[in-house]
Amino acid sequence: MKQHTMFLAAAMVLFASASAPAQLVASGDLVDHIDAIIADMPTTYDGGDYLQPASTSRAVWREIIDHILVGEYADAHTKALTRNYQVVLYTDTQSPNQTVHVLLERTPASTSRYWGTYLFCTTPARHHLVIQAPHPRYDSNTGYQCVRAYRSTGAAAYFVSGTHRCNGISYSPCDGTTYACTTGADSYRYSDQAHVVLSTFQITTEAILDQDPDALFIQPHGFAKGEDDPDLIISNGTRYMPSGTDYAVAMRDAFAAVDPSLTFKVAHVDLSWTRLLGTTNCQGRLINGGSDPCGTSALSATGKFVHIEQARPGLRDTPANWTKLAQAIALAVPDEVSSVPGDDGILRPGVRIIGNYANPFQGQTRVDFELGRGGPVRLEVFDLAGRRVAELTSENYGPGIHSQVWNARRLPSGTYFLRLQQGDRMVTHRCVLLK
């Protein structure tokens, strides 16, 4: 764990061992810190670094997560220490100054378990959004991609597994096979967090779902694109139409708006497509109400799970292309009001578009937006093809409510997206022009 230890030492204030303090506090660039953890995780096939949690540890883990979800962070930290984990209140200096409770393994450790790292935002912009990265190293760059999407969208939670999916040496009893770790079809490893129910990854999903039945889980993956394959294969974990909002289709449309050159298959829409559908994914089976997430596929779809298989070129290959995931999530998942301390210390909404009046509108509309902190702001308009058609403002604003008038008389009727960005925070709003 040399790289990870060096990073912690450089951060100075980070995670120094103590005699069970009630709350550990740290600050820095959150994305840099998570990047270092991902870069340093064990990646050896059959390495055996991952330790499958026993029943007692799984029960303790559920208590830890339950404490975090109701704000009992000191209790969560105390219990986490019994499993060589800790809870840290981390101030992300790049967000700007967003605070996150980080559940992560202590370093150095007498016994490393590699159960993953879990982030819980204190003031999310999207209160129900959870971003999961079960294969951060095998599905290359998805861990890095997801933590950036977590920060820029203001998601409620992000978690990433602790090892390569093929690191374990024992096998999950859950059904399904994979070619990921061997040349032939093989059972899933216990280290493969997307296909295990006796894991901290699944337990955390269960706890969030019990606490928030409206939680939306987005789980990006990656695949090697063949000549006839699309760029994205998007699924709700089943072949069924969802009972709620169809976020799989919303993500397809959002990716198309971000990059019109991308091609798609959606599992419950393109029924002739049969590959990489996520139907054996244990988190997806649970979220879709399956009676046995380990053994059988769900028989209905809630729409609250989105499994995204991404080709490497154009999506996972460069940091610039990683941002397409964050942009698509921002378009597909409406932002909500979140509170942050303003310039004067008073809690105010972070960044939000209040609305445009009227909507639908004919020719001209007023866009109202609210800022919790002062600073530079960019307000732009994009069409359904992802082309920027207008920049309404790019100036410094103080905290509070502001308005801009958009004159769209030269544009054709249709659906447009308003995008407001301040620092790493980006929110969107859909509007309709009718002539």
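Test residue 187 against the stated conditions and say whether it is buried (at least 22 other Cβ atoms within 10 Å of the Cβ) and assigned by TED's automatic domain parsing to the domain that holds residue 95.
The answer is no for residue 187.
Can you find even one residue in the stretch 223-235 that is crowded, with 23+ Cβ neighbours inside 10 Å and out of contact with any His (no Cβ under 9 Å at 6 or more places or on another chain)?
Scanning the stretch 223-235, I find at least one residue that is crowded, with 23+ Cβ neighbours inside 10 Å and out of contact with any His (no Cβ under 9 Å at 6 or more places or on another chain), so the answer is yes.
Which ones in the stretch 130-160 are modelled with pLDDT of 95 or more, farther than 16 Å from residue 205 by Cα and in contact with a helix residue (DSSP H, G or I) (Cβ under 7 Å, 6 or more places away or on another chain)?
136, 141, 143, 144, 145, 147
Could you please let me know if residue 177 is in the same structural domain as residue 203 (by TED's automatic domain parsing) and out of contact with any Gly (no Cβ under 6 Å at 6 or more places or on another chain)?
Answer is yes for this residue.
Which residue pairs have Cβ atoms under 7 Å apart, sit 6 or more places apart or on different chains, and have a first residue in the stretch 317-331 that is more than 23 Å from residue 157 (Cβ to Cβ) and in a helix (DSSP H, G or I) and a second that is hydrophobic (A, V, I, L, M, F, W, C) and at pLDDT 95 or above?
Partner pairs satisfying both residue conditions: 321/315.
Scan (1) assigned to a helix (DSSP H, G or I); (2) over 22 Å from residue 287 (Cα atoms) for the single condition residue 99 breaks and write down its number.
(1)
Give just the number: which of (1) out of contact with any helix residue (DSSP H, G or I) (no Cβ under 7 Å at 6 or more places or on another chain); (2) farther than 15 Å from residue 286 by Cα does residue 210 not satisfy?
Of the numbered conditions (1) out of contact with any helix residue (DSSP H, G or I) (no Cβ under 7 Å at 6 or more places or on another chain); (2) farther than 15 Å from residue 286 by Cα, the odd one out for residue 210 is (2).
Take the stretch 1-50 and flag every residue that is β-branched (Val, Ile, Thr) and at pLDDT 50 or above.
Within the stretch 1-50, 25, 31, 34, 37, 38, 43, 44 qualify.
May I ask you to verify whether residue 221 is at pLDDT 95 or above, in contact with a Cys (Cβ under 9 Å, 6 or more places away or on another chain) and not hydroxyl-bearing (Ser, Thr, Tyr)?
Here the answer is no, as residue 221 does not meet what is asked.
Which one of 163, 182, 205 is in a loop (DSSP other than H, G, I, E, B) and modelled with pLDDT of 95 or more?
Answer to the check: 163.
In the stretch 256-269, which residues are more than 20 Å from residue 299 (Cβ to Cβ) and without any contact (Cβ under 8 Å) to a residue 40 or more places away in the chain?
263, 264, 265
Testing residue 382 on (1) surrounded by 13 or more Cβ atoms within 10 Å (Cβ to Cβ); (2) not in a strand (DSSP E or B), one condition comes back false. Which one is that?
Of the numbered conditions (1) surrounded by 13 or more Cβ atoms within 10 Å (Cβ to Cβ); (2) not in a strand (DSSP E or B), the odd one out for residue 382 is (2).
The values are calculated or read from the model by the stated rules, or taken from the named source; none is laboratory data. In this text the structure is predicted, and so the values were computed from the model without any measurement. Don't worry about glycine lacking a Cβ; one is built from the backbone with ideal geometry, like all the others, and counts go over all protein chains shown.
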